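Asks: The structure under discussion is supplied below as structure tokens; questions concerning it will follow.
The values are calculated or read from the model by the stated rules, or taken from the named source; none is laboratory data. Quick caveat: nothing in here was measured; it's all calculated off a predicted structure. Neighbour counts are summed over all protein chains in view; Cβ atoms, including those assigned to glycine, are modelled from backbone coordinates with ideal geometry.
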Amino acid sequence: MSENYNKHKIYERNGKTYAFSDASLQRIKEIIGRYPEAKQKSALIPVLHIAQEEFGGSLNADIMDYIAGLLNVKPIEVYEVATFYTQFYLDKVGKFVIEICQTGPCLSCGGDDMIDYLKEKLGIDVGETTADGLFTFKTVECLGACGYAPVMQVNTCFHQNLTKESIDNIIDLLRTQANEPKSNDDKWVEKFCLKK
Ligand code: FES
């Protein structure tokens, strides 16, 4: 496996170079090491999260091909996963990605009003990013927290029992954090790679 890391440590295509930092590469090795030999595909989701954070917040075909080489799987296997899960972004996104649940239980608890309120508050439609690059607004299917509806996720954080007032507070807080570096609590790489 280490030969594969060295072979795929740097990936070049179309004049662009992609390379995980040594720290991320170390984390990736640790994650892959959790699975039996030849089952490194099991590490795909956390590795995609690490790549997304390290390479500017979204994925493209070159990055996915790089990961395919690193994990020794076919590129299509990476594309299938990256295009299936809404947590992976194939287009540029804002610093804060707001994903609000649009499935029945949330809608029946006022989720549709929260969606409309967020559109109005942010001044954008679903799928768009604010002009200042801070917020991308998405609707997603069940976030698995139906008992706390309506629910939304902002990057890695869940916000439950939403009201217009709580949304105001969340957006205000995020705006104050806008110029701060992303905290480790807000990074998938930290969540997937628990420190020993
Ligand atoms: S329906 Fe919204 S979290 Fe399940």
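Asks: Working only within the range 118-138, note down all residues that are closer than 16 Å to Asp172 by Cα and surrounded by 13 or more Cβ atoms within 10 Å (Cβ to Cβ).
Replies: Applying the first criterion (closer than 16 Å to Asp172 by Cα) to the range 118-138 yields 118-123, 130, 132-137.
Listed by number, the residues that qualify are Leu118, Lys119, Lys121, Leu122, Thr130, Gly133, Leu134, Phe135, Thr136, Phe137.
Asks: A follow-up question, please. Residues that are away from the ligand (no atom under 14 Å from the Cβ) and aliphatic (A, V, I, L, M): which strands (runs of 3 or more DSSP E) entirely in the range 129-172 hold 1 or more of them? Give the derivation first.
Replies: Working: elements: 135-140, 152-154, 157-159.
Correct list: 152-154.
Asks: Under 24 Å from Phe55 (Cα atoms) and within 11 Å of the ligand (Cβ to nearest atom): is that true of Gln177 in this structure?
Replies: Values: under 24 Å from Phe55 (Cα atoms): yes; within 11 Å of the ligand (Cβ to nearest atom): no.
Taking the combined requirement at face value, the residue does not satisfy it.
Asks: Name the single residue, out of those in the range 31-53 being surrounded by fewer than 13 Cβ atoms within 10 Å (Cβ to Cβ) and of a type in the set (Lys, Arg), that is farthest from Asn72 (Cα to Cα).
Replies: Checked the range 31-53; the qualifying residue farthest from Asn72 (Cα to Cα) is Arg34.
For every residue, the table says whether it meets (1) closer than 30 Å to Thr163 by Cβ; (2) part of a helix (DSSP H, G or I); (3) touching a Pro at 6+ places or on another chain (Cβ under 9 Å); (4) at pLDDT 95 or above.
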site	(1), (2), (3), (4)
Lys29	no, yes, no, no
Gln52	no, yes, no, no
Asp62	no, yes, no, no
Asp65	no, yes, yes, no
Gly69	no, yes, yes, no
Glu80	no, yes, no, yes
Gln87	yes, no, no, no
Lys92	no, no, no, no
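Asks: Keeping to the range 31-50, report how many residues are in a helix (DSSP H, G or I) and either out of contact with any helix residue (DSSP H, G or I) (no Cβ under 9 Å at 6 or more places or on another chain) or among the hydrophobic types (A, V, I, L, M, F, W, C) (or both). Steps first, please.
Replies: Initially, the range 31-50 is screened for residues in a helix (DSSP H, G or I), giving 31-32, 40-50.
From what is left, the residues that are either out of contact with any helix residue (DSSP H, G or I) (no Cβ under 9 Å at 6 or more places or on another chain) or among the hydrophobic types (A, V, I, L, M, F, W, C) (or both) are 31-32, 43-45, 47-48, 50.
Total meeting the criteria: 8.
Asks: Same structure, new question: Go through the range 102-128 and count every residue that is in a loop (DSSP other than H, G, I, E, B), more than 16 Å from the ligand (Cβ to nearest atom) and among the aliphatic types (A, V, I, L, M).
Replies: So the answer is 1.
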